[in-house]
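The values are calculated or read from the model by the stated rules, or taken from the named source; none is laboratory data. Here the structure is a predicted model, which means the values were calculated and not measured. No Cβ is skipped: glycine too gets one built from the backbone with ideal geometry, and neighbour counts run over all protein chains shown. Remember, those area values only see protein heavy atoms, side chains included, never the ligands or the DNA or RNA. Shrake-Rupley method; radii C 1.70, N 1.55, O 1.52, S 1.80 Å.
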Amino acid sequence: MIKHGRITSLVFCFLLLHFSPTHSNTVCIIGSGIGGASVAHFLRHYSAVYHSSQSPIGQINIFERNGVVGGRMATVTVAGETFEAGASILHPKNYHALNYTKYLNLQLKAPKLTDDSLSLGIWDGHKFVYKTFNSKSKLPIVQRLVSLANSIMIFFRYGFSLFRMSSLVEVTVNNFLRYYEGLNSRPVFESVEEMLKWAGLYNLTTRTLGEELGEAGLSPLLIQELVTVITRINYGQSVNISGLAGAVSLAGSGGGLWSIEGGNWQMAAGLINRSDVVLHLHEEIESVSYLGDVYVLNSTKGKSYNCGVTVVATPLDELNIDFNPRISVPPRKLQHTHATFVRGLLSPAYFGLNLLSDIPDLVGTKESPDVPFSSISILKQHENDMTYKIFSREPMTDALLDKFFSTRKETIKINWSAYPHYHAPEKFAPFILDGQHLYYVNAFENAASTMETSAVAAENIARLILSRLSSGVDLSSSNLTRVGSNPSEFHSEL
């Protein structure tokens, strides 16, 4: 349930006036990815907007076990070029991320290969079951003709199912946009379930993507081929993932996608730098103990920290933090994605082709035990070779890579604990882990896992912290006027 109901800007301002900024309002955040950085940002932002004289939040500590911030946002350098190694793309309606880039003066970057010039092939382990036309011509008229021919060909193969798929994605995106409404019309949520139900997204987590698309009238061929290619690339999983994660994955395959020049990790770094945070790098938290009025965090460096509020902003699934009292979260398995970067040349013979130029720029794959990778894509074309990015569920051995490539000059392998292994109906961990002030941003990941969904969850957590610290203030107003329903209003607010 939504315990505190809706919060107007006036009530939000009033409750912040009743804070007494003591050591008990020290906030400790475990994890420096986009979720942890966003919590710090929104705590400072809302405190500054609604309480200009004195902040209700004291010191903010962020603990990061690695030597760099960013979490699952990271880059890799191949042949002097920088490429995204983790979370790579953002949607044109990811308003938090767009605001971060403006706030931090970061530069947006479009994909190097435009939709018109990207050639696609769907590989089943033995042959290409579908290939678009490919042209290396730089002439705009030629590119437009090739694009038109590909559009006609894809329509003849999949028919009106393409429009039904687009309609489902559009409805999902429009529902998600409710999370950008103004504070006057948007509640603070204490559970993931209520957050999803309010936006009309919860039912998508109760069934698989395959079931949702089948009921929407999509052809089995489209689901088995194009949809499967997309879910394998974006989540490393089949169409048996839950419907909301699947719809988010499909939205991430459309036009207008972007990233940040120099690396998406700069969003987290910039937010931390501007949020008056004490950053503890190379410091892993090994225990969190609640002593009645304060949380004591013990680190692997033998240090202890007293915190009035503790926020876990990293997946608990593969961490070994000792909580006292113990917490209870539904068991969850993480899907590992192996990202392999290779500078070299693919072998046409492996794909049953004669020429290197016959290999599509993006090789997607069907769900088959005969396929050892999820996708292979060209990141950069050099004078005599190329840089490729390979996604796979299992590590790519050198022996296997030597089957794909006729030559390899440089190889980098990264194993990501990337996202949950989705299984409908989804079960969600609570946002509040202990009924006090221990919060969990990544509870929302069982709905969908992206940079933007982490930011959306973090913004709610920040509001939840501020509202629950204001004991004795009635936040359950049920007679609020609905305003700020235009997402762009919230966009400009930040």
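Numbers below:
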{"item": "Of the criteria (1) more than 23 Å from Ala85 (Cα to Cα); (2) open to solvent by 10 Å² or more (accessible area, probe 1.4 Å); (3) not hydrophobic (A, V, I, L, M, F, W, C), which one Ser242 fails", "result": "(2)"}
{"item": "Which listed residue is crowded, with 19+ Cβ neighbours inside 10 Å and out of contact with any strand residue (DSSP E or B) (no Cβ under 8 Å at 6 or more places or on another chain), from Leu177, Leu250", "result": "Leu250"}
{"item": "Failed item in (1) touching a strand residue (DSSP E or B) at 6+ places or on another chain (Cβ under 7 Å); (2) over 30 Å from Val329 (Cα atoms); (3) open to solvent by 30 Å² or more (accessible area, probe 1.4 Å); (4) not small (Gly, Ala, Ser), with Glu190 passing the rest", "result": "(2)"}
{"item": "Matching residues in segment 174-200 - criterion: being closer than 22 Å to Tyr439 by Cα, in contact (Cβ under 8 Å) with a residue 60 or more places away in the chain and either assigned to a loop (DSSP other than H, G, I, E, B) or in contact with an Asp or Glu (Cβ under 7 Å, 6 or more places away or on another chain) (or both)", "result": "Leu183, Arg186, Pro187, Val188, Phe189, Glu190, Ser191"}
{"item": "Selection count where residues are assigned to a strand (DSSP E or B) and either more than 14 Å from Ser406 (Cα to Cα) or open to solvent by 20 Å² or more (accessible area, probe 1.4 Å) (or both), scope segment 314-366", "result": "17"}
{"item": "Number of positions in segment 264-302 that are open to solvent by less than 30 Å² (accessible area, probe 1.4 Å), among the β-branched types (Val, Ile, Thr) and closer than 18 Å to Phe323 by Cα", "result": "4"}
{"item": "Search result, residues across segment 431-466 that are over 21 Å from Ile62 (Cα atoms) and more than 16 Å from the chain's Cα centre (by Cα)", "result": "Gly435"}
{"item": "Those residues of segment 227-238 which are surrounded by 23 or more Cβ atoms within 10 Å (Cβ to Cβ) and among the aliphatic types (A, V, I, L, M), in sequence order", "result": "Val227, Val229"}
{"item": "Close pairs from segment 266-282: first basic (Lys, Arg), partner assigned to a loop (DSSP other than H, G, I, E, B), Cβ under 9 Å, at least 6 apart", "result": "Arg274/Leu104"}
{"item": "So Ala448, is it among the small types (Gly, Ala, Ser), assigned to a helix (DSSP H, G or I) and buried (at least 22 other Cβ atoms within 10 Å of the Cβ)", "result": "no"}
{"item": "Residue in segment 151-166 that is surrounded by 14 or more Cβ atoms within 10 Å (Cβ to Cβ) and outside any helix (DSSP H, G or I) present", "result": "yes"}
{"item": "Residue that is touching a Gly at 6+ places or on another chain (Cβ under 9 Å) and at pLDDT 95 or above, where the choices are Ala247, Ala268", "result": "Ala268"}
{"item": "Number of positions in segment 30-63 that are modelled with pLDDT of 90 or more, of a type in the set (S, T, N, Q) and either under 23 Å from the mean Cα position of the chain (by Cα) or open to solvent by less than 10 Å² (accessible area, probe 1.4 Å) (or both)", "result": "3"}
